[in-house]
Amino acid sequence: MSTNSIKIFAGNSHVELAKLVARRLGIELSKAVVLKYSNQETSVTIGESVRDEDVYIIQSGCGEINDNLMELLIMINACKTASARRITAIIPCFPYARQDKKDKSRAPITAKLIANMLTVAGANHVITMDLHASQIQGFFNVPVDNLYAEPNTLRYITENIPEFQNGVIVSPDAGGAKRATSIADRLDLDFALIHKERKKANEVSRMVLVGDVKGKIAILVDDMADTCGTLGLAAKTLAENGATKVYAIVTHGILCGKAVQVINDSVLTKVVVTNTVPHEDKKKVCPKLDTIDISGTLAEAIRRTHNGESVSYLFNHAV
């Protein structure tokens, strides 16, 4: 007989985060076997009954992105055909979030395609974190909760950055200005902006600082660090303009390619990332990396969703 209890399943992209979330909720991860056949097809076996249960599937858009996305879609569909009452996809780092608009002719809006795929697979609800563009919520025909890492970021700054009162919050590009000004207002700090000119994707040619950082601690805030080229150059620009220390706080530390080397060689004091994307292996070779744990926020979002409570409390409070 169904109890309409919470069932949490983990894909292979970030099992560690799923375990942390389950531990926060005081439950075990539900049994599922996700593996690949020799011809690289994904096979999913749900190991327990989900009939009339409230199912949550945790899978982040990182690593082998396409394989992980396919895993998620198959897991959602497996639960749907097994008569789950509601299926919530928890995607801490949303895949293809940067392909959210037609910025040049014939460019695909892949984020919309991902939204369609998730809906067709059978997701009734999506929980994600710090979407690259919040308009992506409008690509879905099902409810989307876009959680923020901001409350946890604020707590980290106040507890772990000495003399943060002598700080200035810096956005490394115009697009992230809203995020940075929000944090600056909450901490009652000044705000600066770096204008970057790109010649081609992932390559920044020159940076111009707008604002004053002389004799202050600069805290760079962004939603995503990929190759870290922007962060490295931004830190250099800030140091040249008289910043005493440069910290970087990023929600999704994707850290591809030479990212670790760039961080180690840069003037950055610390690069702080959340655990929406696994990076334990990188921490071993990069002493400047630090982690903010967001499993509490996800666990509380699951608990509130399951009990039919409001999730908006999490927008302003760290858990």
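Between Asp281 and Glu48, what length comes free when the chain is fully extended (0.36 nm per residue of separation minus the Cα-Cα distance, one decimal in nm)?
80.7 nm
Which distance in nm do the two modelled labels at Thr81 and Ile109 give, with both placed 7 Å along the Cα-to-Cβ direction?
Simple spin-label model gives 3.1 nm for this pair.
Could you check which residue among Val120, Val250, Val50 shows the biggest mean-square fluctuation in a GNM of the chain with a 10 Å Cα cutoff?
Of the options given, Val120 has the highest mean-square fluctuation.
Given the -39500 (n - 2.57) contribution per DSSP H run of 4+ residues, what per-residue ellipticity at 222 nm results for the chain, rounded to the nearest 500 deg cm²/dmol?
Counting only the DSSP helices, I get -9500 deg cm²/dmol.
Which loop-located GluC sites (Glu not before Pro) does the range 36-111 contain, where loop means any DSSP state but H, G, I, E or B and the Cβ has at most 10 other Cβ atoms within 10 Å?
Of the GluC sites (Glu not before Pro), the ones in loops of the range 36-111 whose Cβ has at most 10 other Cβ atoms within 10 Å are Glu41.
What is the percent carbon and sulfur in the accessible area of the range 1-125, measuring with a 1.4 Å probe over the protein chains and ignoring ligands?
51 percent
Which percentage, to the nearest 5, of the DSSP beta bridges contained in the range 103-213 is antiparallel?
In the range 103-213, approximately 45 percent of DSSP beta bridges are antiparallel ones.
Through the Karplus equation 6.51 cos²θ - 1.76 cosθ + 1.60, θ set to phi - 60°, convert the phi angles of the range 270-287 into ³J(HN,Hα) values in whole Hz; use x for Gly and Pro.
Per-residue couplings from phi come out as 8, 10, 10, 10, 8, 8, 5, 10, x, 8, 4, 4, 6, 4, 5, 9, 9, x Hz.
So what is the accessible area of the chain per residue, in Å², with the probe set to 1.4 Å?
Using a 1.4 Å probe on heavy atoms only, each residue of the chain averages 46 Å².
Where in the chain is the longest stretch that carries no trypsin sites (Lys or Arg not before Pro) classed as loop by DSSP and with at most 16 other Cβ atoms within 10 Å?
Longest stretch, sites excluded: 107-213.
Please identify, among Cys62, Cys79, Cys256, the residue showing maximal mean-square fluctuation in a Gaussian network model of the chain using a 10 angstrom Cα cutoff.
Cys256
Which FRET efficiency, nearest 0.05, do Val210 and Val120 yield, Cβ-Cβ r, R0 51 Å?
The pair Val210/Val120 has a calculated efficiency of 0.70.
Which percent, nearest 5, of DSSP beta bridges in the range 166-319 are antiparallel?
Taking every DSSP beta bridge with both residues in the range 166-319, the antiparallel ones total about 25 percent.
How compact is the range 234-297 by the rule of thumb for globular proteins, expressed as Cα Rg over 2.2 N^0.38 Å?
This ratio for the range 234-297 stands at 1.15.
Once you've got the GNM for the chain with C-alpha springs shorter than 10 Å, pick whichever of Leu209, Leu233, Leu35 has the biggest mean-square fluctuation.
Leu35
Using every pair of alpha-carbon atoms in the chain, split the distances into 20 Å bins beginning at 0 and state the percent of pairs per bin, rounded to integers.
Calculated over all Cα pairs of the chain, the distribution is 32, 55, 13, 0 percent.
So how tilted is helix 15-25 from the main axis of the chain? Cα-based, degrees 0 to 90, rounded to 10.
80 degrees
The values are calculated or read from the model by the stated rules, or taken from the named source; none is laboratory data. The structure displayed is predicted, hence computed values, not measured ones. Cβ coordinates were reconstructed from backbone atoms using ideal geometry, including for glycine residues, and neighbour counts include every protein chain displayed. When the accessible area is computed, the model is the full protein with side chains, heavy atoms only, and any ligands, DNA or RNA have been set aside. Shrake-Rupley method; radii C 1.70, N 1.55, O 1.52, S 1.80 Å.
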